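Throughout, read-outs are computed from the coordinates displayed, never taken from laboratory work. Quick caveat: nothing in here was measured; it's all calculated off a predicted structure. With ideal geometry, Cβ positions are generated from the backbone for all residues, glycine too; neighbour counts draw on all protein chains shown.
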Amino acid sequence: MTGVLDSLFNGLALGSVYALIALGFVTVFKASGVLSFAHGSLLLLGGYLVAVLHDDLGFAGALALAVVVTGLVAGALDRLLQRIGTDSHAAHTQTIVTIGIDIVLVTDLARRIGGDLLSLGDPWGDAVTELGPVTVADSRVAAIVVSAAVIAGAFALFRFTPWGLSLRAAAEDAEAAALMGVRLSRVRTVAWCLAGALAALAAVFLVAFPAPGLERTTGQIALKAFPAAVLGGMASPVGALVGSMLIGLTEAFVAGYQSDLHVLGEGFAGVAPYAVMVLVLLVRPAGLFAAKGAARV
């Protein structure tokens, strides 16, 4: 029973962090139609900035600056991509360009990090808390609490602000939204900035204890949140949240019961998110929460 509770809590913590990343994928896609494969490099950038700045600014100051800078870098990348165009055909080209951007950023950051494991100076350290029969890392508790608060704030932003209304209008019909005075360029740039900021925040919890620290391959973890976004339907924030929890719980339970699943091979926990994605898409090709579109008959 303890093993089940331990896996459950770890899965919720992982899912909460994946939700921050998946929400970034979805927000960018809703605003621009672009699948941003540069998201992993933005996550690595945010974590790297916290690692190199926390000695001088303290953890809170370094995190705040990293979130702002990473958000601005993401916005700048969007401005660069908009030079290619803003129609549906340009979105495909922009998606391909994000792969190149990711390679450039990751290469430079990997050179700076080298073979080191960098600490982000988070206040939780290796502290643990007893929750009944389960011992959990304080960083996991913080991940759930902070992610829940930030995600709630993001949903409020989508629902109750003029920018959120503009984003939803642009996602429904960009041409009609533009005719109604929505500044599509500004809407999508703000969406990219938000996604970058969420990625930087997620980096803190991905490398905190019990993880060893920030390394040059940390950005690849963002790819585990990609199946979560796809599972929910790429244009559904609610779907991203549900998909993230499903992926986090799957990974945690597979890792916790790896010895019982040895027939699937060592390290199957790393593959499990993609296996779940394939299985779900076989039944729901458009994702769990994809909106039904109109069809000409």
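The helix-only estimate of mean residue ellipticity at 222 nm for the chain, built from DSSP H runs of length n ≥ 4 each weighted as -39500 (n - 2.57), is -24500 deg cm²/dmol after division by the residue total.
A crude spin-label estimate for the pair W163 and R284, with each label 7 Å from Cα along the Cβ direction, gives 2.9 nm.
Near F209, within a Cβ-to-Cβ distance under 13 Å, what is the net charge of the other residues, with Lys and Arg +1 and Asp and Glu -1? Here the charged neighbours net out to -2. What do you get for Rg/Rh of segment 2-283 when both radii come from the Cα atoms and Rh is the Kirkwood radius? Ratio of gyration radius to Kirkwood radius for segment 2-283: 0.97.
For a paramagnetic label modelled on Q258 (point 7 Å from Cα along Cα→Cβ), amide N atoms under 20 Å away belong, within segment 197-233, to 206-225. The residues W124, W163, W192, when put in order of fewest to most other Cβ atoms within 10 Å, stand as W163, W124, W192.
Shape class of segment 1-87 from the alpha-carbon gyration tensor: oblate, with a/c at 1.5 or above and b/c at least as large as a/b.
Computed from Cα atoms, the angle from the helix 268-283 axis to the main principal axis of the chain rounds to 40 degrees.
Modelled label positions at A60 and L80, each set 7 Å beyond Cα in the direction of Cβ, lie 3.4 nm from each other. Each peptide in 117-123, 23-29, 38-44 was scored by the mean count of other Cβ atoms within 10 Å over its residues; highest first, the order is 38-44, 23-29, 117-123. Of all the options A76, A203, A19, the one that moves most in a Gaussian network model of the chain with Cα springs shorter than 10 angstrom is A76. Largest mean-square fluctuation among G287, G85, G181, in a Gaussian network model of the chain whose springs join Cα atoms under 10 Å apart, belongs to G181. Compared with the dominant principal axis of the Cα atoms in the chain, helix 162-172 is inclined by about 70°. Rounded to the nearest 0.05, the FRET efficiency derived from the C-beta distance between A178 and I99 at R0 = 25 Å is 0.35.
Could you check the spin-label model distance between A127 and A148? Points 7 Å from the Cα along Cα→Cβ, value in nm. Spacing of the two 7 Å Cα→Cβ label points: 1.8 nm.
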